[in-house]
There are 2 protein chains.
Amino acid sequence: MSGTKKGLIMALDLIEREKALDIAGNVADYIDFIKVNYPLVLSSGIGVIGELAEIKPVIADFKIADIPYTSTLIAKIAFENGAFAVICHGFAGSDTLKAVLDVAEEYGGEVYVVTELSSPGGREFLQRHADSIAMLARDIGCHGIIAPATRPERIKDLRKIAGDMKILSPGVGVQGGDVVTTLEAGADYIIVGRTIYASEDPVFQAKKLREEIDVFLVDR
Amino acid sequence: MSGTKKGLIMALDLIEREKALDIAGNVADYIDFIKVNYPLVLSSGIGVIGELAEIKPVIADFKIADIPYTSTLIAKIAFENGAFAVICHGFAGSDTLKAVLDVAEEYGGEVYVVTELSSPGGREFLQRHADSIAMLARDIGCHGIIAPATRPERIKDLRKIAGDMKILSPGVGVQGGDVVTTLEAGADYIIVGRTIYASEDPVFQAKKLREEIDVFLVDR
C-alpha cells in the first residue's frame, strides 16, 4: 500500500460521545479512518468504537505499552468492540508487539507501531530507537508505523525501513506539520485532529485537507 | 516514605466488575492499594475506579505514554473518577511526565513512573534508560517509580537514585519475583496480581503475602 494510497485519518480526540459521532458523520466523505484515543473511550464507554465503526473503520490509538499479558487483553477488547486496528508502542518490547499482533490476526485486524511521538519529548528517549522499532515492526509483520509529521526528515528515514508497511503521520495542523511536506517525505496517511474537530467548520477543514491530498496525488 | 513503609498493592487485572469488587472487598484488610489497568476499566466502565476507591485507594495503571495534550486528558479522567494515583511511562518524555504531574497536583494525587517493564521485552529498549527515567521522575517531583521484582538487582540500582520516591514492584508471584528479595532490594510496595485474584482462595493468598511483609519488617 505504501507509495500508492494516500489518505486522511481523523483523530477524534474529543470526550463527548454525541459530538464525536456528529463530527465523524459530517466529515465521513473526506476521511478514510477514524482514530480514537482513551479520553473519548473512557468518557463515553467502549461502545463508542462500534458506533464510529459504522461510519468509518476505527483505529484504537491505545498506545499499548504494557507487559504482553495485559497488552493482549487491551487489544482483544478493542477488536471485540469493532476496532479495525490498534496502535502499540514498540518500546515496550518485541514480546508485547508480537502478542498484540497475534490478537489482531485472530480478528483480521491491523497493528500500527509508534516510532517516536510528535511532541518535543519524543526526541528524549524514543527518537534514538525509532529506526530499530520500525525494523522490529516490519520484521514481525506489523501493518504500519506512526511517524511524526512534525519531523519530515524522520519520515524519510523511516520510509526507507518501512518496506510495505503504511506510514501514518500525526502532527499536521496545530502541531506544525503540513500535508504536502508530510506526504512527500513518504507518509501514506496524515492524521489530523484539532484542525478538523476543533474548527468552526469541521466539514470545510476535512474537505480542504482531502483536496490537498488529491492535488498532491495529481501533481506527482 | 522509602525504607520505612512497606506494603501490598493488589493488581486487579480482571475484566468482570462484579468479581473485581468482590475480591477487592474480601482482601481489603491485607492490602494498601488497588491497582487497576485498562482491561477492567474498558470492560466495566470508568465508574469502577470510584467503586473500588471506596474499598482502598486506587492506582490507575494506565501506563500513559502519549503526547502531553492527550496524556493530561487521560490523567484528568482518572482523577475525576476517584483515582489516587496514575502510572505514566517516562519513555514518552519529560513534557508528558510534567503535564501528567501538573494534573495530579490539581487533584492532590500522585504519579508513579515506569522505569522498565517486568516482562522480558522490558530489557530491549527500556532497561538502558531506566536510570535516566528514574532521575527524571525524581527531579520533576513525581511520587514513585515502578521497578521489576523480576530483577531485584535493578531495584537496588534504582533505589540509589529514587531518593524519597516510593518504589512499587510488580512481578512477584506468577512472574517469578518473591517478597523478601524484592523488599530487601529496596522496594516499598510489592504489586501482586494473579497470585491473589486467580487463586482458589484470594483471602488466604493476600493474608499470606501480608504476613510475609510483616515478618520481613520485624526481622529487620
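The values are calculated or read from the model by the stated rules, or taken from the named source; none is laboratory data. Predicted model, so just to flag it, every value in this text is computed and none were measured. Cβ sites come from the backbone with ideal geometry, for glycine too, and all protein chains shown count toward neighbours. These accessible areas exclude ligands, DNA and RNA; they are computed on the full protein's heavy atoms, side chains included. Shrake-Rupley method; radii C 1.70, N 1.55, O 1.52, S 1.80 Å.
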Checking B:67, B:146, B:133, B:55 in turn, the sole residue that is at pLDDT 95 or above and either closer than 18 Å to residue A:90 by Cα or of a type in the set (Lys, Arg) (or both) turns out to be B:133
Being touching a residue at least 40 places away in the same chain (Cβ under 8 Å) and outside any strand (DSSP E or B) narrows A:180, A:174, A:218, A:203 down to just A:203
Restricting the range B:25-35 to residues that are open to solvent by less than 10 Å² (accessible area, probe 1.4 Å) and touching a residue at least 40 places away in the same chain (Cβ under 8 Å), the one nearest to residue B:214 (Cα to Cα) turns out to be B:31
query: Taking residue B:167, is it touching a Leu at 6+ places or on another chain (Cβ under 9 Å), within 19 Å of residue B:216 (Cβ to Cβ), aliphatic (A, V, I, L, M) and surrounded by 17 or more Cβ atoms within 10 Å (Cβ to Cβ)?
result: yes
Residues in the range A:179-213 that are open to solvent by 70 Å² or more (accessible area, probe 1.4 Å) and not hydrophobic (A, V, I, L, M, F, W, C) total 7
Taking the range A:76-109 and keeping only residues that are closer than 26 Å to residue A:173 by Cα and open to solvent by 20 Å² or more (accessible area, probe 1.4 Å), one is left with A:84
Scanning the range A:102-117 residue by residue, the ones that are under 12 Å from the mean Cα position of the chain (by Cα) and modelled with pLDDT under 95 total 2
Looking across the range B:110-132 at residues that are open to solvent by 10 Å² or more (accessible area, probe 1.4 Å) and among the acidic types (Asp, Glu), the single one that is nearest to residue A:71 (Cα to Cα) is B:124
By residue number, the members of the range B:96-143 that are over 21 Å from residue B:159 (Cα atoms), away from chain A (no Cβ under 12 Å) and either small (Gly, Ala, Ser) or in a loop (DSSP other than H, G, I, E, B) (or both) are B:104, B:107, B:108, B:109
Residues of the range A:57-75 being in contact with a Phe, Trp or Tyr (Cβ under 7 Å, 6 or more places away or on another chain), more than 9 Å from chain B (Cβ to nearest Cβ) and surrounded by 22 or more Cβ atoms within 10 Å (Cβ to Cβ), in sequence order, are A:58, A:59
Taking the range A:25-56 and keeping residues closer than 12 Å to residue A:81 by Cα and within 14 Å of chain B (Cβ to nearest Cβ) leaves A:41, A:45, A:46, A:47, A:48, A:49, A:50
Somewhere in the range A:4-24, is a residue surrounded by fewer than 18 Cβ atoms within 10 Å (Cβ to Cβ), out of contact with any Leu (no Cβ under 9 Å at 6 or more places or on another chain), among the charged types (D, E, K, R) and facing chain B (nearest Cβ under 10 Å)? no
